[in-house]
1. Mind telling me which of the residues A:Glu361, A:Glu387, A:Glu357, A:Glu349 ends up being away from chain B (no Cβ under 14 Å), within 23 Å of A:Leu322 (Cα to Cα) and without any contact (Cβ under 8 Å) to a residue 24 or more places away in the chain?
2. What's the number of the only condition in (1) part of a helix (DSSP H, G or I); (2) of a type in the set (Val, Ile, Thr); (3) under 18 Å from the mean Cα position of the chain (by Cα) that A:Ile118 fails to meet?
3. Can you pull out every residue in region A:37-64 that is facing chain B (nearest Cβ under 9 Å) and in contact with a Pro (Cβ under 8 Å, 6 or more places away or on another chain)?
4. Taking the criterion of being facing chain A (nearest Cβ under 7 Å) and among the aliphatic types (A, V, I, L, M), would at least one residue in region B:136-154 satisfy it?
5. Filtering region B:128-162 down to residues that are touching a residue at least 24 places away in the same chain (Cβ under 8 Å) and surrounded by 15 or more Cβ atoms within 10 Å (Cβ to Cβ), which residue is farthest from ligand 1 (Cβ to nearest atom)?
6. Take region B:124-163 and flag every residue that is of a type in the set (Ser, Thr, Tyr), within 14 Å of ligand 2 (Cβ to nearest atom) and more than 22 Å from A:Val183 (Cα to Cα).
7. Take B:Ser89 and decide whether it is in a helix (DSSP H, G or I), within 16 Å of ligand 1 (Cβ to nearest atom) and surrounded by fewer than 19 Cβ atoms within 10 Å (Cβ to Cβ).
Amino acid sequence: MKTSLKIVVDNGAYNIKAGIIGADDGTPRIIPNAVVRSKGDKTTYIGHEITKCEDHSSLHYRLPFEKGYITDWDAQKAVWDGMFSAELLNVDTSEASLLITEPYFNLSNLQDIYDQFIFEEYEFQSYYRCTPASLIPHGNLFTLPDLGSPECMLVVDSGFSFTHVVPIMNGEIVWSAVKRIDVGGKLLTNQLKELVSFRQWNMMDETYIMNDVKESCCYVSTDCKRDMEICRTDPKSNAIVQEYILPDFSLNRSGRVRQPGGSLDESYQILCMNNERFMVPEIIFRPDDIGLEQSGLAATIATSISQLPEEVQGMFWANIGLIGGNTKFAGFHERLMSELRTLAPGDCEVVLYPSNEPITEAYQSAVALAKRPDFAQRVVTRAEYLEMGSNACRRKFHDWKPIEKDLSKGRDPGKTKTGRAREDEEDDGSPSVKRGTRAKGKGRATGRRQV
Amino acid sequence: MPPRRHRQSQAASAQLDSEVIAKRTKRHLDELERSNYAEPSGSALFPGLEEEDEAPAGRAAKGRARQTISDKKEWKGQKKKKSTMNVRSAVLYKKSLQVLIDESGIANFPPSIPTYLTAGAPPPREPSRLLCSVCGYWGKYKCKKCKMPYCDMSCEAVHNETRCERRVI
Ligand SMILES: [Zn+2]
Ligand SMILES: [Zn+2]
């Protein structure tokens, strides 16, 4: 196969992070994954065009993703068409190779549609589809360049749709221990919208503004009880309360946090952020606060690790990486650390690796993977798809599903790096147990502790 | 026999209570997944686009030949091509996540295979904490009528005036 243009698309439910290898390696283009209609200027904006929208009041959103999975392919196609067009990436997709991310536990009927779009609509020469966490071992989250990633790592990916805990052993996701908390940035913004609308201003239609309020004001408390009391004593004046100046798009004024002491005339509307500042992100740590019957993040990590082979559990505790936009909340990793310490066995070291760029970490790791010489062996080519259809992808892209029995013929286990692990899975129906046993010795022999 | 009947009806009403509360919680959690507040749930419509160029009568003319956003938009330098049947039907016929999950068959997978349906975090171990439904502080008390928590008399008054659903007895 001739060397062609390579494109990386981390296809998030909120933002797409996309770029061309060689041109956008440092920072990806950030493309809102939405079609919005602005009431103010009566215009529809698609994907990257949204940055041109100036009036953000009462935007009507149409999102390709529903609860983390693509259900609106018309909207997704509109955003992708724009992204590949001369307005943004300006690539001839039929001359290019693609690396694209998909959600954890993506449904096979949806995966077929990915294949159809990529080969039939955009006619890519070849492509590789995988989850964001699976890319992390190829990046630099855990180590400096050239040192390689640890044998065992646990990636926390807290994004727009939900929060996942993803253990990875020898570069392979251990799907039997992957856990999902149904709390993501979308739910948090909606919860904040609701609290504020009941307590102060009606902001139910102001998703854009409330998302900015959330990003500007919210933090994860390291002592929720203490902060709750601080907010209780004097709701108007305490160490936590913050004022957010609401935007006025008719006057071209954007929203911002009010600096203490700054004087304002009466034309400004003020939103008072008191216990809302920390009780909203708190839901990641206490989903039951809103009646969601799921454990918080720390307990979910502990559950995930408890389902991994005992011999290597210590290495998972010592290698916990944090990616996704929600991990940007101030206090996130301090709070997680203090809760994990109480849950981890006494002789276990707990080490967190928060990403400095949690939104683009998976993209950066994807760039590193796409640049590797052996990347070409991971992709499915257009010729293979034309011959075998989605079976070609099912056979090659290693995900949560066991490989179908009939696929054993014509397989070459030594061909890819993951060949051996895959072979194990084909032998019996319980991938985790088998893979765990196999990796035990290996993990102990080569695993290192991070300090 | 009367005492027994009394006990039974009490138990029945307690069960009803928890059912109503569970329903209310479920409804709230569903609302927190919405992309827009003002939308009928599950609607694939995008009113903004329709009011632009589709007359009220245009709805009847929809169906197979209806225009989609992706059809309508023309991008700089984009070659307009005829999509394959696969792509065409994905664009035209939107399925909800629930339908897609049903069609994927993951509900029938053996328990040894982890799926979207089995990967949810386990239930919490600690008892849940009650938060005042008005101000967000710890909610020590519960409304007798609707079981929503509140923290003090002033929040109770706000609750009664504005939020009480008065449905659970
Ligand atoms: Zn209260
Ligand atoms: Zn009530």
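1. Details: A:Glu361 fails: without any contact (Cβ under 8 Å) to a residue 24 or more places away in the chain; A:Glu387 fails: within 23 Å of A:Leu322 (Cα to Cα); A:Glu349 fails: without any contact (Cβ under 8 Å) to a residue 24 or more places away in the chain.
After ruling out the rest, the residue left standing is A:Glu357.
2. Status for A:Ile118: all satisfied but (3).
3. Within region A:37-64, A:Arg37, A:His60 meet the criteria.
4. There is no residue in region B:136-154 that is facing chain A (nearest Cβ under 7 Å) and among the aliphatic types (A, V, I, L, M).
5. So in region B:128-162, the residues touching a residue at least 24 places away in the same chain (Cβ under 8 Å) come out as B:133-134, B:145, B:147, B:158-159.
Filter once more, so that each one left must be surrounded by 15 or more Cβ atoms within 10 Å (Cβ to Cβ): B:133-134, B:147, B:158-159.
Working: B:Ser133: 8, B:Val134: 4, B:Lys147: 15, B:Val158: 8, B:His159: 8 Å.
That would be B:Lys147.
6. The first filter runs over region B:124-163 and keeps only residues of a type in the set (Ser, Thr, Tyr), leaving B:128, B:133, B:137, B:141, B:150, B:154, B:162.
Cutting the leftovers down to within 14 Å of ligand 2 (Cβ to nearest atom) gives us B:133, B:141, B:150, B:162.
Hits for region B:124-163 are B:Tyr141, B:Tyr150, B:Thr162.
7. Numbers: in a helix (DSSP H, G or I): yes; within 16 Å of ligand 1 (Cβ to nearest atom): no; surrounded by fewer than 19 Cβ atoms within 10 Å (Cβ to Cβ): yes.
Answer is no for this residue.
Table: residues versus (1) at pLDDT 90 or above; (2) away from ligand 2 (no atom under 16 Å from the Cβ); (3) not in a loop (DSSP other than H, G, I, E, B).
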{"position": "B:Lys62", "(1), (2), (3)": "no, yes, no"}
{"position": "B:Lys80", "(1), (2), (3)": "no, yes, no"}
{"position": "B:Glu103", "(1), (2), (3)": "yes, yes, yes"}
{"position": "B:Ala107", "(1), (2), (3)": "yes, yes, yes"}
{"position": "B:Pro122", "(1), (2), (3)": "yes, yes, no"}
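The values are calculated or read from the model by the stated rules, or taken from the named source; none is laboratory data. Bear in mind that the values here come from a model prediction, so they are computed numbers and not experimental data. Reconstructed Cβ throughout: ideal geometry from the backbone, glycine too, with neighbour counts over all protein chains shown.
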